[in-house]
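Below is one structure, written out as structure tokens; the observations come after it.
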Amino acid sequence: MARKKAADTPSITIDGKAYPLDSLTDNAKAQLVSLDAVDRRIAAVQEELAILQTARIAYGNALKQEL
């Protein structure tokens, strides 16, 4: 899914087809908002997971040094 501006008309491309944003129903626009929120949350959780994985490695290394 990609948003782009063609000829000053904002649109979204889904499965290779462009849809002008002003032609979408209110429900479709609400779904886009929801998708955007979910995408942002997924990115935040992935970032948190990377931090936790790094901490786990550090704790494992610290344990190995203690053994």
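The values are calculated or read from the model by the stated rules, or taken from the named source; none is laboratory data. Keep in mind the model is a prediction, meaning the values are calculated, not measured. The accessibility values were calculated without ligands, DNA or RNA, using every heavy atom of the protein model including side chains. Shrake-Rupley method; radii C 1.70, N 1.55, O 1.52, S 1.80 Å.
For every helix of n ≥ 4 consecutive DSSP H residues, a contribution of -39,500 (n - 2.57) applies; sum these over the chain, divide by its total residues, and give [θ] at 222 nm rounded to the nearest 500 deg cm²/dmol.
Helix-only estimate at 222 nm: -22500 deg cm²/dmol.
In a GNM of the chain with a 10 Å cut-off on Cα contacts, which of Leu49, Leu32, Leu21 has the highest mean-square fluctuation?
Maximum among the listed residues: Leu49.
Residues with amide H under 5 Å of Thr13's amide H, sequence separation 5 or more or different chain, H placed in the peptide plane at 1.01 Å from N; which?
HN-HN under 5 Å from Thr13: Ala2, Arg3, Lys4, Tyr19.
So, for the chain, what is the accessible surface per residue at a probe of 1.4 Å, expressed in square angstrom?
87
Cut-off 10 angstrom, C-alpha nodes, Gaussian network model of the chain. Which of Ile12, Ile51, Ile42 fluctuates the most?
Comparing Ile12, Ile51, Ile42 in the GNM, the peak value goes to Ile51.
Using θ = phi - 60° and the Karplus form 6.51 cos²θ - 1.76 cosθ + 1.60, what ³J(HN,Hα) does each residue of segment 24-38 get, whole Hz, x for Gly and Pro?
Calculated HN-Hα couplings, in order: 6, 6, 4, 5, 4, 5, 5, 5, 4, 4, 5, 4, 4, 5, 5 Hz.
Within the chain, what whole-number % of the accessible surface is contributed by carbon and sulfur, with the 1.4 Å probe and all protein chains included in the calculation?
Roughly 57 percent of what the probe reaches on the chain is carbon or sulfur.
I need the phi-derived Karplus couplings for segment 9-17: 6.51 cos²θ - 1.76 cosθ + 1.60, θ = phi - 60°, integer Hz, Gly and Pro marked x.
Those phi angles translate into 10, x, 9, 10, 10, 10, 6, x, 10 Hz.
With a 1.4 Å probe and all protein chains in place, put Thr13, Thr54 in order of accessible area, largest first.
Highest to lowest solvent-accessible surface, that is Thr54, Thr13.
Just reorder Lys17, Lys64, Lys29 by solvent-accessible area, largest first, 1.4 Å probe, all chains present.
Highest to lowest solvent-accessible surface, that is Lys64, Lys17, Lys29.
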